[in-house]
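Novice: Structure provided below as structure tokens; questions to follow.
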Ligand code: NAP
């Protein structure tokens, strides 16, 4: 039975896809954006048929303003908003504080409004880091912050831990669970896309001339959204306290390049085929931010399993090959990458 759901961060890649699914299923959606004057026209243009079933509220993760109105009348919250920048900030608190405080703010306003179900968009970042001895991970694993991890990884881990502690202390009856996606790809709506999609964009547009020896797990934005909706709809006993990683499989970047060449050959002219030696990454890392970010990932397998999510939420993930092909085709169709 459709009800009303608050989706925070309606301007985002994942937030938009969650809204899309909920509207298609007949829900009324409240969403928060940081600036309604700027963002509401874009959201209305994306869902022209939604009318009163889409309500847009101005609310920043760092301020109480707007949150009471956004939560009013909702049955569930999908808390998707969190900073996800391309580069590494000088001060980690630029990410950690909004991620943690924003989550606690969203939780406490939801609780005050009497909302009984809260789905947090966490990340595989809260699962698979700071444990150099491991290369396979499940929903039971937690990132080890004492090992020292990059700011975004820390922000997602701290936010999920803080949310779980807050619920245990202040709202033990609340049905809380997290969705923990790996790197998210798939069709894009416009050029305001997520940091994750930049990886495929750079492979296709020629900005990566050689392939670094690293890999990532792939998940599809449509599966991430489906997991959120199922977590909202499933019986309480199935989801309470759960963690739901979405991950189809681990792939080396060279394998991703091969898939693009095989499945979208007409757009693969600039996709690199030669490896970038590790020593070159390390030298470039001295003066290029992007290389500094991947230096620590060279040769690492960080394979996060999504099987638990498929089993509990009852659906099968889109194959990574399909996801990558659809990403490339949509980047071209939207004019983000020139054919
Ligand atoms: P995105 O497109 O950059 O979306 C991030 C959203 O958070 C935007 O709506 C942004 O609003 C909002 N936001 C950021 N700082 C905010 C603040 N201070 N106050 C209010 N809203 C704020 O990225 P995404 O990929 O959809 O990410 C959404 C969520 O998924 C994040 O929690 C991210 O950590 C998580 N996630 C993403 C991936 C991935 O690979 N994409 C993987 C795992 C987890 P503005 O438009 O105003 O900036």
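Novice: Would you mind calculating the gained length between residue 315 and residue 49 on full extension (0.36 nm times residue separation, minus the Cα-Cα distance), in nm to one decimal? Kindly include the intermediate steps, with their values, before the conclusion.
Specialist: Values: separation 266, 0.36 × 266 = 95.76 nm, distance 2.81 nm.
That pair, residue 315 and residue 49, stretches by 92.9 nm at full extension.
Novice: Sticking with this one: Taking springs between alpha-carbon atoms closer than 10 angstrom, which of 102, 15, 87 fluctuates most in the Gaussian network model of the chain?
Specialist: Looking only at 102, 15, 87, the biggest GNM fluctuation is shown by 87.
Novice: On to the next question. Please build a GNM for the chain, connecting alpha carbons under 10 Å apart, and tell me which residue among 312, 197, 224 fluctuates the most.
Specialist: 312
Novice: Given region 94-251, what percent of its DSSP beta bridges are antiparallel, to the nearest 5? Provide the component values of the computation, followed by the final result.
Specialist: On the way: 3 of 15 bridges.
If we restrict to bridges inside region 94-251, about 20 percent are antiparallel.
Novice: Continuing with the same structure: Describe numerically, in nm with one decimal, the distance between label points set 7 Å from Cα along Cα→Cβ at residue 274 and at residue 334.
Specialist: For residue 274 paired with residue 334, the spin-label model returns 3.2 nm.
Novice: Would you please classify the overall shape of region 242-339 from the alpha carbon gyration tensor, given that a ≥ b ≥ c denote the square roots of the eigenvalues, rounded means a/c under 1.5, and beyond that prolate means a/b larger than b/c while oblate covers the rest?
Specialist: Because a/c hits 1.5 or more and a/b fails to exceed b/c, region 242-339 counts as oblate.
Novice: With the calculation restricted to Cα positions, what are the radius of gyration and Dmax of the chain in angstrom?
Specialist: Rg then Dmax for the chain, in Å: 19.5, 57.
Novice: Using Cα pairs closer than 8 Å and at least 6 residues apart in sequence, work out the relative contact order for the chain, in percent.
Specialist: 18
Novice: Is the shape of region 145-237 rounded, prolate or oblate, going by the alpha carbon gyration tensor and its root eigenvalues a ≥ b ≥ c, with a/c under 1.5 for rounded and a/b larger than b/c for prolate?
Specialist: oblate
Novice: Compute the length gained on full extension between residue 202 and residue 69: take 0.36 nm times their separation in residues and subtract their Cα-Cα distance, giving the result in nm to one decimal.
Specialist: Residue separation times 0.36 nm, minus the Cα-Cα distance, leaves 43.9 nm.
Novice: Rounded, prolate or oblate: which fits region 284-339, taking a ≥ b ≥ c as square roots of the Cα gyration tensor eigenvalues, rounded meaning a/c under 1.5, else prolate when a/b beats b/c?
Specialist: Here region 284-339 falls in the oblate category.
Novice: Could I ask something else about it? Which of 47, 142, 252 ends up with the largest GNM mean-square fluctuation for the chain, with Cα atoms connected below 10 Å?
Specialist: Looking only at 47, 142, 252, the biggest GNM fluctuation is shown by 47.
Novice: Rounded to the nearest 5, what % of the DSSP beta bridges within the chain are antiparallel ones? Show your work: numbers first, answer last.
Specialist: Details: 4 of 38 bridges.
Given both bridge residues lie in the chain, the antiparallel proportion sits at roughly 10 percent.
Novice: Between region 277-339 and region 2-22, how many Å separate their Cα centres?
Specialist: 23
Novice: Report, largest value first, the span of the C-alpha coordinates of region 1-139 along each principal axis, in whole Å.
Specialist: 51, 33, 31
All of the numbers you see were taken from the coordinates with simple rules; none came from a lab. Worth saying up front: this structure is predicted, and the values here are computed from it rather than measured. Positions of Cβ are backbone-derived with ideal geometry, glycine not excepted, and every protein chain shown enters the neighbour counts.
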